[in-house]
């Protein structure tokens, strides 16, 4: 069974631009969660989608948004990029309940110049 | 709000020896889930072991076991017979059933297994 696939693996953008990251979950998984990992703040939860609905949201500004499609694939969008948005963005998929483990992708490394 | 604390930023262990990584958490919930994930240099987060708070028995997965002390809110990871491939960043994580799939992570412990 294929794992969680995130594209692209690396991305370089400049301040003020916007970016879209993609995540394809494991087949059969309906939940997709997004996390931001930085050296200073560690791993922080961004949001979770289940059956095309945002089910949970972390404490990030409105510039961070996401969506989920009917095939469970998810996208995350960041608008008006700031230097502090440079991070590894991780996506995780699961069957949907808290006791079910989340399976992570390799992440997208976003660098803002 | 729930918090997860890992007080050991770095640890080192000799190959074949045993090492214990510490994790404490704070919550007012009675039922929740705890996880240990490892993140090797390849950066993919891999689930090591999980524990459900209502289960008294400590979880075990091959060379990995936990010491779950609910009253003390402690969840340590023991790695037996350490191998070079265990070198990674280890994260303790908490999941609240009320916030499905929202993992709260600790700051991580960088474990180096020395030959």
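Which of rounded, prolate, oblate describes chain A, given a ≥ b ≥ c as roots of the alpha-carbon gyration tensor eigenvalues and a/c under 1.5 marking rounded, otherwise prolate only if a/b is larger than b/c? Write down the numbers at each step before the final one.
Working: a/c = 1.74, a/b = 1.65, b/c = 1.05.
Taking the square roots of the gyration eigenvalues as a ≥ b ≥ c, chain A is prolate.
From other protein chains only, count the Cβ atoms within 10 Å of every residue's Cβ in B:101-111, then give the mean. Before the final figure, lay out each step's value.
Working: counts 19, 12, 10, 4, 6, 2, 3, 3, 0, 0, 0.
Per-residue shielding by partner chains comes out at 5.
To the nearest whole number, what is the average tally of beta carbon atoms from other chains within 10 Å of the beta carbons of peptide B:53-65? Spell out each step's value before the answer.
Numbers: counts 0, 0, 0, 0, 0, 0, 0, 0, 0, 0, 0, 0, 0.
Mean number of neighbouring Cβ atoms from other chains: 0.
Between rounded, prolate and oblate, where does the stretch A:2-46 land on the alpha carbon gyration tensor, with a ≥ b ≥ c its root eigenvalues, rounded for a/c under 1.5, else prolate if a/b exceeds b/c? Numbers along the way, then the final one.
Working: a/c = 2.35, a/b = 1.46, b/c = 1.60.
Note, shape of the stretch A:2-46 comes out oblate.
Exposure proxy check: B:90, B:33 ranked by fewest other beta carbons within 10 Å? Please list the in-between numbers first.
Details: B:90 23, B:33 20.
Fewest-to-most Cβ neighbours within 10 Å comes out as B:33, B:90.
Which order do B:11, B:45, A:76 fall in if you start with the one that has the fewest other Cβ atoms within 10 Å? Let's see the in-between values first.
Details: B:11 16, B:45 28, A:76 23.
In increasing order of surrounding Cβ atoms, one gets B:11, A:76, B:45.
For B:40-48, what's the mean count of beta carbons from other chains sitting within 10 Å of each residue's beta carbon?
Details: counts 0, 0, 1, 9, 9, 12, 2, 5, 1.
The shielding value for this peptide is 4.
Could you tell me the center-to-center distance, by alpha carbons, between the stretch A:60-96 and the stretch B:29-62 in angstrom?
With the stretch A:60-96 and the stretch B:29-62 each reduced to a Cα centre, they are spaced 24 Å.
Would you mind ranking B:27, B:18 so that the residue whose beta carbon has the fewest other beta carbons within 10 Å leads the list? Write down the numbers at each step before the final one.
Numbers: B:27 17, B:18 12.
Ascending number of Cβ neighbours within 10 Å: B:18, B:27.
No value in this document is a laboratory result; all are computed from the given coordinates. Owing to the predicted nature of the structure, the values given are computational and were not obtained by experimental measurement. Cβ: placed from backbone, ideal geometry, glycine included. Neighbour counts: every protein chain shown.
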